[in-house]
1. Consider Ile167 carefully, then state whether it is modelled with pLDDT of 90 or more and under 17 Å from the mean Cα position of the chain (by Cα).
2. Testing Tyr211 on (1) touching a helix residue (DSSP H, G or I) at 6+ places or on another chain (Cβ under 9 Å); (2) within 26 Å of Glu7 (Cβ to Cβ); (3) of a type outside the set (Lys, Arg), one condition comes back false. Which one is that?
3. Could you go through the stretch 258-267 and let me know if any residue there is surrounded by fewer than 17 Cβ atoms within 10 Å (Cβ to Cβ), of a type in the set (A, V, I, L, M) and not assigned by TED's automatic domain parsing to the domain that holds Glu164.
4. Filter the stretch 116-134 for residues that are at pLDDT below 95 and over 24 Å from the mean Cα position of the chain (by Cα) and give the result.
5. Which residues, counting only those in the stretch 8-17, are under 21 Å from the mean Cα position of the chain (by Cα) and under 17 Å from Ile31 (Cβ atoms)?
6. Go through the stretch 175-288 and tell me which strands (runs of 3 or more DSSP E), entirely inside it, have 1 or more residues that are acidic (Asp, Glu) and more than 30 Å from Leu145 (Cβ to Cβ).
7. Residue check: is Glu20 touching a Ser or Thr at 6+ places or on another chain (Cβ under 6 Å) and surrounded by fewer than 17 Cβ atoms within 10 Å (Cβ to Cβ)?
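The values are calculated or read from the model by the stated rules, or taken from the named source; none is laboratory data. Please read all numbers here as calculations on a predicted model, not as lab measurements. In this analysis, Cβ positions are derived from the backbone assuming ideal geometry, glycine residues included, and neighbour counts consider all displayed protein chains.
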Amino acid sequence: MSIIKTEELTYVYSAGTPYEKTAIDHINLQIEQGEFLGVIGHTGSGKSTLIQHFNGLLEPTSGKVYVDGEDMWADKSKLRGFRFKVGLVFQYPEYQLFEDTVYKDISFGPKNMGLNEDEIDNRVREAARFVGLRPEQLEKNPFELSGGQKRRVAIAGVIAMEPEVLILDEPTAGLDPKGRDRILGQIKEYHQQSKTTLLLVSHSMEDIARYAQKVLVMNQAKVFLHDTVDNVFAHAKELGEIGLSVPQVSRVMMGLSEKGFPVNPNCYTVQKAADELLRVLKGGNANA
């Protein structure tokens, strides 16, 4: 069952002016409930504009957006409810922190939902646990925390609203490799435990290959590819032609295959490539 569906979705910036630009153009898309979707595309491809339609931040110029089978814009009085269903974490979300304690920042969304204090407390502590914040950190001022910890506070604030869909726009931007791996690992664990539909917008092909189940590729305001990770990254040449590339380890495996080594070229993570090379070294069947 699709949790998000678009029909001929189009959005035009500055319509009717000399600066008019079509950011997304007749997008027809279905995102299934519970899936982990990676969203990729070069700058200006339309991916950020697209995800802002999923929780009603932008109103379509034309076309429709359905969430849980309901037309988001059929009754504007219901928009607030849709924004609780679809949580969006912007790039560098720590810049939006404003309360004097971590607890208050995480509880801001649940309070706006009109929940009682016990439910708010449960949600705050559960969200903090999901993102790896310790109980004693809840009483700290968020501005005393490290960059990675601030990022986790901001993500927890959206998780605490228990959205049916969680969208993360470049959640690891600006973090060191260790901080990136920690946050992505926690996001994967959250997805596995909550069964929430999760969209990860990223420039890192390696991250998408490692964590996502399906991939949406945007190019020039349109959907270029939307399929499983294996099927999308099998289009290495086409991705290169639009300024994207498969993960580095994939190019290594493809190169080995082209030179006649009996390896499966469709390996998109370091672990898969290592397993494949070990299989070959042990004399395993190439089609195993």
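1. yes
2. Condition not satisfied by Tyr211: (2).
3. Among the residues of the stretch 258-267, not one is surrounded by fewer than 17 Cβ atoms within 10 Å (Cβ to Cβ), of a type in the set (A, V, I, L, M) and not assigned by TED's automatic domain parsing to the domain that holds Glu164, which makes the answer no.
4. Hit for the stretch 116-134 is Arg134, nothing else.
5. If the condition is that a residue be under 21 Å from the mean Cα position of the chain (by Cα) and under 17 Å from Ile31 (Cβ atoms), then Leu9 is the only one that fits.
6. The strands (runs of 3 or more DSSP E) meeting that bar are 222-228.
7. Judged against the criteria, Glu20 is a match.
Here is a yes/no grid of residues against (1) closer than 14 Å to Met205 by Cα; (2) in contact (Cβ under 8 Å) with a residue 60 or more places away in the chain:
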residue: Asp230; (1), (2): yes, no
residue: Ala236; (1), (2): yes, no
residue: Gly243; (1), (2): yes, yes
residue: Val246; (1), (2): yes, no
residue: Lys259; (1), (2): no, no
residue: Pro262; (1), (2): no, no
